[in-house]
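Below is one structure, written out as structure tokens; comments come after it.
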């Protein structure tokens, strides 16, 4: 039996025996994980804002998931990346701290009641989280549209 899109010598796959589900694609899986992380982070940040006047409340945040390229492995821990000098024209770094993106303001201001929530910082995190979520959902949507186009249904 030859289907409309089958090559000679290739047997068509029955409907119930698909080789790979869309949910198994690593790129879409990574994007879904990232969207879920942004959703959970939004809840944590909203909790921080709502408890900004609660005595002894310490703000919390989630660790961003990292994705190992090629394997699809997801890791929630944070690691640092060492700087590399790839050209002789680059300035050499002697003792430069490779983790220059750290937040040094954590716990900077604590009120007499013991609360250390900074509404300005939390609202900046909320707006950044919203923009990143929008970008990830747009990528997810475009990826699905690309797959639909590739199979002739888009």
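Descriptive notes on the structure:
- Residue check for residue 67: surrounded by 11 or more Cβ atoms within 10 Å (Cβ to Cβ), in contact with a strand residue (DSSP E or B) (Cβ under 9 Å, 6 or more places away or on another chain), within 28 Å of residue 127 (Cα to Cα) and at pLDDT 70 or above: yes
- Residue match in segment 32-55 (condition: at negative phi, modelled with pLDDT of 90 or more and in contact with a strand residue (DSSP E or B) (Cβ under 8 Å, 6 or more places away or on another chain)): yes
- Flag for residue 132 being touching a residue at least 40 places away in the same chain (Cβ under 8 Å) and either assigned to a loop (DSSP other than H, G, I, E, B) or in contact with a strand residue (DSSP E or B) (Cβ under 6 Å, 6 or more places away or on another chain) (or both): no
- The test for being at pLDDT below 80 and in a loop (DSSP other than H, G, I, E, B) holds for residue 99.
- Flag if residue 86 is over 19 Å from residue 39 (Cα atoms), in a helix (DSSP H, G or I), over 22 Å from the mean Cα position of the chain (by Cα) and at pLDDT 70 or above: no
- Residue check, residue 62 farther than 30 Å from residue 150 by Cα, surrounded by 15 or more Cβ atoms within 10 Å (Cβ to Cβ) and modelled with pLDDT of 90 or more: yes
The values are calculated or read from the model by the stated rules, or taken from the named source; none is laboratory data. All of these numbers come straight from a predicted model, not from anything done at the bench. Here Cβ is always computed from backbone atoms with ideal geometry, including for glycine, and neighbour counts include all displayed protein chains.
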